[in-house]
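What follows is a short report on a single structure.
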Amino acid sequence: MTHRIPPDRGGLFQSAIAGLITTMVGFVASFAVVLSGLFQVGASVEQAASGLLILSVCVGLSTMVLSLRYRVPISIAWSTPGAAMLAALAPGVFGFNQAVGAFVVSGALIVLSGLVPSLHRLLTRIPVPIAQGMLAGVLIPLCLKPFTAVATIPMPALGILLVFLLGLRIVPKFAVALSMLAAVGFGLWHIGRTATWDSLEVLPQLHWVSPEFSWQAIASISIPLFVVTMASQNIPGVAVLGSFGYTVPWRASMLVTGVGSASGAFFGGHAINLAAITAALAAGEQAGPEPRLRWRAAASSGVFYLVFGALSALIVSVASASPEGLFQAAAGLALLATLANALLGAMSDSIWRLSALATVLVAAGNLTLFGIGGAFWALVAGLLTHFIVERSVRR
């Protein structure tokens, strides 16, 4: 005799599976990008592990709070484009304490975007080609890593490339996650070959980082991190949920993610935001037949983020003990689709094409003036180019 699962219990199980998939895709597909960004701004191995842990905790708790409170499948994620922006900064320009101070300011700006309607309206007026051009520019150096790594670590680099390509051919949705797992596998193989198992840390720990505030770090990190997080994550995240018929509580979402970003910064986290890419996984039909109950998928995703966060110390230990450039290469593969979309968004409008190109090139070249990094100057260059050349031609 077969036993049928009651409808509600079956729907709950389906929601839990959707939540697990949402977490796996969000965590596994981009943790290497986060680590690359934190290491680039001076984080130690312990501080990077603490950053990954606090980001997982903040993402998990924020997702559960918002989805339970509003009964909407609101998924929160860490800012992958923001981490890529950090990874594109010149090394050694800022200490990690200064970077943390900039993270706090960025979190405060997110809070303000929820409290001050005029700031939200100002954000929506940032030209899409300029914002996408800045994102594309900061992604280009990182997306080159999978190919330049072939010269220094040929077997692991070619291995993760092959896994990525086969994944695109067989299971496209999980190609990035598979390449990340392949990088972890090569890292474990390297650790076993060099007998460095004793260097691995298993128990996660939070490490307090005292922030230092400098106007150079605020201009180089806070403002670009805020802009790229809002333009590439929060605003698209609202649109994705809207396409499924859900209304996102903007003020509450910005307050929760802004406070989460600012408080998590003291332990090494850079920023959290509304999920854009993985939002559909918890809001679509795979999350359950009843749209009004799909919030359970998002809530379960938050629980799984807490579970995955418990592995943060082990993940960072494997990454730091792996061949140099391996996880940067994996991070580059994870961002290829984002780079392609950013380039398309930057060049889609002929009126803004020249200024978008200037933005891409300045950001990719990581121009640094007066101690301020390339992402900020890319925004300035793009806007100036438009007002000097394109606007007058249009008139």
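Taken together, the values in this text are just the output of simple stated rules run on the coordinates, not laboratory data. As the structure is a computational prediction, the values presented were derived from the model and not from experiment. Heads up, the Cβs are rebuilt from the backbone with ideal geometry, glycines too, and the neighbour counts pull from every protein chain shown.
Distances between placed amide hydrogens fall under 5 Å for Ile76 paired with Thr63, Ala275, all partners being 5 or more residues away or on another chain. Annotation for region 302-346 versus region 40-89: alpha-carbon center distance of 12 Å.
The string of couplings for region 68-74 from the Karplus curve (6.51, -1.76, 1.60, θ = phi - 60°) is 6, 6, 9, 6, 10, x, 7 Hz, one whole number per residue in order, with x for Gly and Pro.
In plain terms, the residue of Ile191, Ile17 with the fewest other Cβ atoms within 10 Å comes first and the most crowded comes last, giving Ile17, Ile191. 3J(HN,Hα) along region 216-225, derived from phi through the Karplus expression 6.51 cos²θ - 1.76 cosθ + 1.60 where θ = phi - 60°, amounts to 5, 5, 5, 5, 7, 10, 4, 5, x, 5 Hz, with x in place of Gly and Pro. Each Cα pair under 8 Å and six or more residues apart adds its separation to the average, and for region 156-299 the resulting relative contact order is 17 percent.
Given the rule -39500 (n - 2.57) for each run of at least 4 DSSP H residues, summed and divided by the residues of the chain, what is its mean residue ellipticity at 222 nm, to the nearest 500 deg cm²/dmol? Show your work: numbers first, answer last.
Working: 21 runs with 267 residues, N = 395.
Here the helix-only value at 222 nm equals -21500 deg cm²/dmol.
List residues of region 68-103, by number, whose backbone nitrogen lies under 18 Å from a label position 7 Å along Cα→C-beta of Thr368. Counting backbone N atoms under 18 Å from the label point, the list is 84-103. Normalised by the number of residues in region 236-395, the average gap of Cα pairs under 8 Å and 6 or more apart makes the relative contact order 12 percent. Summing Lys and Arg as +1 and Asp and Glu as -1 over all other residues whose Cβ lies under 15 Å from the Cβ of His207 gives a net charge of -2. Computing mean projected area of the Cα convex hull in nm² for the structure here picks out one of (i) 18.6; (ii) 27.9; (iii) 21.3, namely (iii). By the count of other C-beta atoms within 10 Å, a proxy for reagent exposure, Leu178, Leu241, Leu38, Leu203 are ordered fewest to most as Leu203, Leu178, Leu241, Leu38. As a proxy for reagent exposure, ranking Tyr305, Tyr246 by other Cβ atoms within 10 Å from fewest up yields Tyr246, Tyr305.
The calculated FRET efficiency for the pair Leu166 and Leu115, based on their C-beta separation and a Förster distance of 51 Å, comes to about 0.60.
The relative contact order of the chain, computed from alpha carbon pairs under 8 Å that lie at least 6 residues apart in sequence, is 36 percent. Highest mobility in the GNM of the chain, judged by mean-square fluctuation with C-alpha springs under 10 Å and restricted to Gly365, Gly382, Gly332, is found for Gly365. Working note: Karplus 6.51/-1.76/1.60 with θ = phi - 60° gives region 168-174 the couplings 4, 6, 9, 10, x, 5, 10 Hz, where Gly and Pro are set to x.
Stretch Leu383-Arg125 to full length: gain in nm at 0.36 nm per residue minus the Cα-Cα span? Write out the running numbers ahead of the final one.
Values: separation 258, 0.36 × 258 = 92.88 nm, distance 1.23 nm.
Stretched fully, the Leu383-Arg125 segment lengthens by 91.6 nm.
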